[in-house]
Amino acid sequence: MSVIDEFGLVKPNKLLVVIVPVSEVALVFRVKYRKVFRLEYPGLPIKKGETLALYGGGEIIVPADGVMPAMSFTFRSRTFPYPGAFDETDMFYIPKEWSDTIFHVHHHIKPAWIRVEIQIPPDNLQIAFQRDKISGGVDMPFGFKRGHIEVVHLPDVKIGFRFGNDTSVTVLTGDLMIIGEYNVELVLDPEVVFDAIVGKAPAYVYTYPTYKTGEYVLSKIKEVYGFEGFPIYPEYKKSEAINKYKEIISKIKR
Amino acid sequence: MARQLLTIIASTDGQNTSGQCKLYSSLFAVPADFIVVPLGMKLRIWQKRMTGAVDTEFKIEYTNDITPQFSGQEATWTTISVDKYLSSQGEVNIGLSKPIEVFGRTGREAIRVTWSQSTAGFATLELEVEITDED
């Protein structure tokens with residue numbers, strides 16, 4: 001039986017594994033309960049009068065809120081503002097004190113050809129080919145997705161978005177967000193943690209696309225959860241992993 | 001995988017007997033002159049519907065390099081579809097069992113629609129279009 005529902009969100013009482021690949025660590029959560037929202041966000045966070053970069057070089061001024069000019073891309077990261085949110089400039093930012101909360105969001109961007117990438121923290125390029133030799137992103141031929149992107153927001157971790165429109169058409173944009181607001185508990189049973197990380201226990205695995213700034217995410221994880229996550233071991237090193245996990249768990253202040 | 005369906009309306013200006021159609025869609029903030037196929041995606045035309053009151057020929061044209069157009073020059077256009085509408089008033093629907101497909105191999109490929117008429121008048125070509133990165 002799948003651990004996610006028809007929207008791609010983790011079902012209650014199922015496990016969510018969050019992997020920070022560059023640091024080779026993971027966190028395992030149990031979703032205790034959740035709220036699911038379907039939000040039609042009216043236009044990408046692009047404001048009338050601001051300047052966007054053009055694929056062919058140069059710049060262009062945005063003619064109206066949420067409108068993405070032809071052949072343009074956002075040079076700087078964006079977040080999604082929402083009035084009344086904890087941080088009104090970023091509706092998915094939650095403070096480190098909210099350690100029992102996680103947002104799991106599927107962004108369905110319109111038109112579906114819009115390029116999208118995420119940056120953690122904002123304005124830090126994450127995608128690179130041949131180690132750090134060639135950077136990717138919405139302004140490059142690789143390093144982006146089109147139309148859909150999935151993001152897990154941990155407390156106090158700032159995530160930015162960049163967008164690109166590589167057609168000759170100035171478009172009206174939108175973002176259908178399927179939002180899971182999870183109330184979670186950190187799983188601290190070494191056996192369950194190991195089984196979930198290596199794929200022996202049913203769990204939904206989300207891998208943070210942080211290939212350059214793992215230290216930032218690690219520092220936030222430590223502030224929020226009191227440790228830097230569980231190192232990832234291969235399946236054949238179970239006893240070594242379990243011992244390490246026991247040691248880590250014994251030191252966590254709760 | 002990304003997939004966007006949209007209806008594009010190409011219309012004559014009612015004053016000239018030939019020209020390049022402005023392209024309209026509910027997703028477009030302003031009418032477009034041509035549509036560049038995004039890199040790695042495909043533009044598919046599944047259905048065409050012509051309406052109007054005058055004898056009109058619509059052509060769908062393709063270029064594999066739109067770059068000259070951005071510097072005020074003319075790209076090299078090739079006709080990939082011709083629809084001649086000969087009624088005095090009415091409409092014609094053409095459903096395509098196999099779509100007209102244009103690949104965004106370099107991100108410089110584009111399509112446009114042109115018209116020609118014996119007498120100037122209003123006519124439209126409605127295109128049911130899919131832009132997708134699926135095979």
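Looking across the stretch A:140-156 at every residue that is touching a Lys or Arg at 6+ places or on another chain (Cβ under 8 Å) and away from chain B (no Cβ under 12 Å), the one that is farthest from A:M177 (Cα to Cα) is identified as A:D156. Within the option set A:I149, A:I134, being among the aliphatic types (A, V, I, L, M) and surrounded by fewer than 18 Cβ atoms within 10 Å (Cβ to Cβ) holds for one residue only, A:I134.
For the stretch B:82-100, the criterion of a residue being among the charged types (D, E, K, R), surrounded by 14 or more Cβ atoms within 10 Å (Cβ to Cβ) and more than 25 Å from B:D55 (Cα to Cα) is satisfied by no position. In the stretch A:51-59, the count of residues that are among the polar types (S, T, N, Q), at pLDDT below 95 and touching a strand residue (DSSP E or B) at 6+ places or on another chain (Cβ under 9 Å) is zero.
Give just the number: which of (1) within 13 Å of another protein chain (Cβ to nearest Cβ); (2) over 21 Å from B:G107 (Cα atoms); (3) touching a residue at least 24 places away in the same chain (Cβ under 8 Å); (4) among the polar types (S, T, N, Q) does B:S26 not satisfy? Every condition holds for B:S26 apart from (3). The single condition among (1) in contact with a Ser or Thr (Cβ under 6 Å, 6 or more places away or on another chain); (2) closer than 17 Å to B:T132 by Cβ that B:I111 does not satisfy is (1). For the stretch B:41-52, the condition holds for no residue, the condition being that it is surrounded by 14 or more Cβ atoms within 10 Å (Cβ to Cβ), within 12 Å of another protein chain (Cβ to nearest Cβ) and without any contact (Cβ under 8 Å) to a residue 60 or more places away in the chain. A single entry from B:D55, B:D135 fulfils the requirement of being under 22 Å from B:R3 (Cβ atoms) and either within 12 Å of chain A (Cβ to nearest Cβ) or over 17 Å from the mean Cα position of the chain (by Cα) (or both): B:D135. Among the residues examined, B:V36 qualifies as within 14 Å of chain A (Cβ to nearest Cβ), aliphatic (A, V, I, L, M) and in contact (Cβ under 8 Å) with a residue 60 or more places away in the chain.
The values are calculated or read from the model by the stated rules, or taken from the named source; none is laboratory data. What you see is a predicted model; the values in this text were computed from it and never measured. Heads up, the Cβs are rebuilt from the backbone with ideal geometry, glycines too, and the neighbour counts pull from every protein chain shown.
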